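There's a structure below that I have some questions on.
The values are calculated or read from the model by the stated rules, or taken from the named source; none is laboratory data. The model shown is predicted, which means the values in this text are computed figures rather than measured ones. Note: ideal-geometry Cβ built from the backbone for every residue, glycine included; neighbour counts use all protein chains shown.
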Amino acid sequence: MGILTYAATVSLDGYAADADGDFQWSAPGDAVFAVHVDRMADVSVEVLGRKTYALMTYWESYPDDDEHPLPEREFARRWQGIEKVVASSTLTHDDLVSGRDRLLPDLSLDELRRIVDGAAGVVEIFGPTVAAAAIRAGLVEEFQFFVVPKMVGGGLRALPDDVHLDLSLVEYRPFDDGTVQLRYRPRR
């Protein structure tokens, strides 16, 4: 049985993307990227929506040669080994890039529970839109935020507005670029 986590890179004012949909301001520096590489070692299943899936297909064909940075090659290797569950009513099976990927036209909370119960290790739900229902339902067992020292003034919120949770801080890690990693777990 796995555990459900939600990870997001967010602006100081709580957005995962700005009002134009841009998130380039959140690109990690080397130290933060190394943490993401390490995190992927524990993830067995990644649950994501259509847009995030399309964005992350970049890593499916990342070259594994000496001309490319070792941390990025390692992230790509780990990403390629993770089972992906894509929640989308508009994609088709032909849009999937790997035989490990699974398409769900509708990700119900019951289906998400089955995914987590059947997983060995961490199930990460990736993307604020696809994660919103799980967060509202209290299914997320760990939140991991990478807070970037920028304010973008609006856009796609990293967390739904209508959620009330009591969380405990389990880890705090600052980086030289001003980014802070925060890990929280719900108080039970």
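Going by what's in this entry, would D110 be described as at pLDDT 95 or above, more than 24 Å from D42 (Cβ to Cβ), acidic (D, E) and out of contact with any Leu (no Cβ under 8 Å at 6 or more places or on another chain)?
So D110 fits the description; yes.
Can you find even one residue in the stretch 53-71 that is without any contact (Cβ under 8 Å) to a residue 40 or more places away in the chain, farther than 23 Å from V97 by Cα and of a type in the set (D, E)?
yes
Also, quick follow-up: Which ranges mark the strands (runs of 3 or more DSSP E) fully within the stretch 90-188 that have 3 or more residues being within 17 Å of the chain's Cα centre (by Cα) and of a type outside the set (G, A, S)?
The qualifying strands (runs of 3 or more DSSP E) are 122-126, 142-148, 180-186.
Just the residues that are of a type in the set (A, V, I, L, M, F, W, C) and either modelled with pLDDT of 95 or more or touching a Cys at 6+ places or on another chain (Cβ under 6 Å) (or both), please, taken from the stretch 150-176.
Correct list: M151, V152, L156, A158, L159, L167, L169, V170, F175.
Among V123, V140, which is the only one that is touching a helix residue (DSSP H, G or I) at 6+ places or on another chain (Cβ under 8 Å), under 22 Å from T57 (Cα atoms) and modelled with pLDDT of 95 or more?
V123
Quick one: count up the residues across the stretch 72-95 that are without any contact (Cβ under 8 Å) to a residue 40 or more places away in the chain and among the aromatic types (F, W, Y).
1
Continuing with this model, one more query. Regarding A8, is this residue under 23 Å from D177 (Cβ atoms) and in contact with a Leu (Cβ under 6 Å, 6 or more places away or on another chain)?
No, not satisfied.
To continue, here is another question. For the stretch 126-165, how many residues are closer than 30 Å to D176 by Cβ, crowded, with 18+ Cβ neighbours inside 10 Å and small (G, A, S)?
Result for the stretch 126-165: 4.
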